[in-house]
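Chemist: Following this message is one structure expressed as structure tokens.
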Amino acid sequence: MDEIMEIQQLRQQLNEAARLYYTLDAPTMPDYEYDRLYRRLQDLEAAHPEAVTPDSPTQRVGDRLLNDFAEVAHPVPLESLEDVFNEGEVRDFLDRVAGELPGARYSVEPKVDGLSVAVEYRDGVFYRGATRGDGRVGEDVTENIRTIAALPKTLPDKLPRLIVRGEVYMARTVFEEINAALEIEGKPLMANPRNAAAGSLRQKDSRIAAKRRLDIAVFNLQLAEGKTFTTHGETIDYLASQGFPVIPHAVLDDDAAILAEIARLGEERMAFPFDIDGAVVKLNDLADRTILGSTAKCPRWAVAYKYPPEKKETLLKDIVVQVGRTGVLTPKAVLAPVRLAGTTVTYATLHNQDFITQKDIRIGDTVVVQKAGEIIPEVLGVVKEKRLTDLEPYFLPDTCPVCGAPVSRDEDGAAIRCTGAECPAQLLRNLTHFASRNAMDIDGLGPAVMQLLVDNHLVKTAADLYDLTVDDLKDLDRMGQKSAENAVNAIAKSRDNDLWRLINALGIRQVGDKAAKVLASHFGTFDAFAAASEEDLTAIDDIGGITARYIRQWLQSPQSQDLVARLRRAGVNMTCKEEKLDSRFAGMTFVMTGALTRFTRDQAQDMVTKRGGKASGSVSKKTTYVVAGEAAGSKLQKARELGIPVLTEDEFLALCED
Ligand code: AMP
């Protein structure tokens, strides 16, 4: 096929898929397929830049850096809603409206738990997106809103000006995927989809916002120059016809039917890709709305019904223990099935041993389970009166239920963790860490490839990487001969890495690249390191008691010893290549300040640690020297006050080389 035609076709196909991805009941193109076609389109567009159009999905990924958020005045205010918390209050609202407008009709809609935004189009083209702010003035987040694939960038009707209001949200599935990836990378997790969406929408760098794959549900027409409508339902249908992902709505006039619809939305909330925290009941007739008007903050023609978190009692049948990717053991309650917030609940989280002990939760108890919003159900506590027999207190096992290695409690928290160096539950994370830039630095073995290696049972421990062949790799998804060769070469090359990389790669708790460098240059060989006692370790500057215990624990485990033996057999270097430790700075502490020109701050700190000294960020009486670059400020002043010698960059270099 002609490539230009293929570009047009892909553009259409992907835009349609992005649009359908949103509509609630439509089956969509699998993400993987979307990504594949998207990449093909990118390649073709790179070859034919003249065929790139503004509405191409590839153009949605903003790559401009936002400096600061400019203010945007909302011509039609983005109002709040009055909350109601029970059926009685909904009826009061309906009665109040009926007093003025008998026979009024209402739209009943889910209340999406996201961030309210206004999106403006000029002559049918996406023009600007802004947060709600105080309702009258919001922040310009155009570049981030542009990254929302589901939002049309051009409209069939070219009205001079059109403004819609919607909720930006992160789909639950996306939220889970991103959190899983963050967990593997060892980064802090996002608390819930709403926070995740809020943080993403206010990103300064829209490339990051694009990676968060935000979505939008449009629920109001704010302004449409040159068009008139009589009902809210008509406006929503019109917006749907223009390609907007609109909120589902039911138009009803009978009190009982309205209450039933609210209950149904609550029951079926899990069918929506977004979290909902209530249902909105609003007048459908636009002329009726102007009759009722607004208070200072809220329209008088609508209310938001907030669903209470549902709680139920059920039997705790068992406690199972899951091992997370970081090795943490999490107890999970196995429950006699109960219906809660629209789903059948059979599991709930018990957090950790301390939680179980505190609430005295025992297998066989009747427990109260709650599901607030859409988060994982939680056991609130035990109904002690219903404990019939003497039940045994519960304790997490002392060995990992996945690999059998001993567990140990974090010295600095409530988590209980598997210590197995080859635990399958932690394999993916361990492998990813092993190959990462600051560890063995193996190019081409990122998390996606590692996932494939694990899924295809090609590796069970990091040592297996060294047995991989081009044949093993070349037929993997998206690999091919060339990438397979590159990966195998990169793995082979990593055999010659310096010792500190290996020590970091092993994933010993609290041993990162800095500690690994100190250990490698201190001991010189892996064997000397492995033979070190806790006392030997704590005698080293920078290695604390907790870290020393974690190191000993790791080294003593048979799984670890096996892993090291296999790495050795695979030819991985086990000695420190740097010259023997220079200790001229032993016992000295250096502080760098100001703009350094001869070396970066990191390099300077490296120069200090390589010579056995310590680099610190703040000046105190214990500081030996302050190295001051240009425009040094408060630290230099402090040094003078304390009478600490100050070195220029040249003097520092001389001291290093002397
Ligand atoms: P609050 O901010 O708590 O007063 O709740 C009102 C918010 O609910 C508005 O700012 C809207 O952004 C949001 N909302 C979500 N879904 C809807 C909907 N279907 N109709 C009206 N507002 C909605």
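The values are calculated or read from the model by the stated rules, or taken from the named source; none is laboratory data. Quick caveat, the model's predicted, so the values are computed rather than measured. Here Cβ is always computed from backbone atoms with ideal geometry, including for glycine, and neighbour counts include all displayed protein chains. Surface accessibility is based on the protein's heavy atoms, side chains included, excluding ligands, DNA and RNA. Shrake-Rupley method; radii C 1.70, N 1.55, O 1.52, S 1.80 Å.
Chemist: Enumerate the pairs (first residue in the stretch 597-614 and touching a residue at least 24 places away in the same chain (Cβ under 8 Å); second residue anywhere and among the β-branched types (Val, Ile, Thr)) with beta-carbon separation below 6 Å, excluding pairs fewer than 6 apart on the same chain, so at least 6 apart or on different chains.
Modeler: The qualifying pairs are Lys614/Thr589.
Chemist: Within the stretch 567-612, track down each residue that is part of a helix (DSSP H, G or I) and open to solvent by 90 Å² or more (accessible area, probe 1.4 Å).
Modeler: Residues satisfying the conditions are Arg568, Arg569, Arg601, Asp602, Gln603, Lys610.
Chemist: Go through (1) at positive phi; (2) open to solvent by less than 20 Å² (accessible area, probe 1.4 Å); (3) not polar (S, T, N, Q) for Ile247 and report which single condition fails.
Modeler: (1)
Chemist: Under 6 Å by Cβ, and 6 or more places apart or on different chains, what pairs join a residue from the stretch 299-313 that is at negative phi with one that is more than 10 Å from the ligand (Cβ to nearest atom) and open to solvent by 70 Å² or more (accessible area, probe 1.4 Å)?
Modeler: Taking only residues 6 or more apart or on different chains, the pairs are Lys306/Phe85.
Chemist: Looking at the stretch 182-189, can you tell me whether even one residue there is within 16 Å of the ligand (Cβ to nearest atom), touching a residue at least 40 places away in the same chain (Cβ under 8 Å) and in the same structural domain as Leu151 (by TED's automatic domain parsing)?
Modeler: no
Chemist: For the structure I just gave you, tell me whether Ile216 is open to solvent by less than 50 Å² (accessible area, probe 1.4 Å), modelled with pLDDT of 95 or more and either closer than 17 Å to Arg172 by Cα or touching a Cys at 6+ places or on another chain (Cβ under 9 Å) (or both).
Modeler: yes
Chemist: Is it the case that some residue within the stretch 259-269 is surrounded by fewer than 18 Cβ atoms within 10 Å (Cβ to Cβ), in the same structural domain as Asp95 (by TED's automatic domain parsing) and within 16 Å of the ligand (Cβ to nearest atom)?
Modeler: Scanning the stretch 259-269 turns up at least one residue that is surrounded by fewer than 18 Cβ atoms within 10 Å (Cβ to Cβ), in the same structural domain as Asp95 (by TED's automatic domain parsing) and within 16 Å of the ligand (Cβ to nearest atom).
Chemist: What do you reckon, is Glu176 outside any strand (DSSP E or B), within 15 Å of the ligand (Cβ to nearest atom) and modelled with pLDDT under 95?
Modeler: In short, no.
Chemist: Of all strands (runs of 3 or more DSSP E) completely enclosed by the stretch 83-159, which ones contain at least 2 residues that are in the same structural domain as Ala260 (by TED's automatic domain parsing), open to solvent by less than 20 Å² (accessible area, probe 1.4 Å) and more than 16 Å from the ligand (Cβ to nearest atom)?
Modeler: 115-122
Chemist: Consider Tyr22 against the criteria (1) at pLDDT below 80; (2) in contact with a strand residue (DSSP E or B) (Cβ under 7 Å, 6 or more places away or on another chain); (3) within 16 Å of the ligand (Cβ to nearest atom); (4) open to solvent by 40 Å² or more (accessible area, probe 1.4 Å): it satisfies all of them except one. Which criterion is unmet?
Modeler: (4)
Chemist: OK, next. Those residues that are acidic (Asp, Glu), more than 9 Å from the ligand (Cβ to nearest atom) and assigned to a strand (DSSP E or B), I need them from the stretch 275-307; list them, please.
Modeler: Within the stretch 275-307, Asp285 is the sole residue that qualifies.
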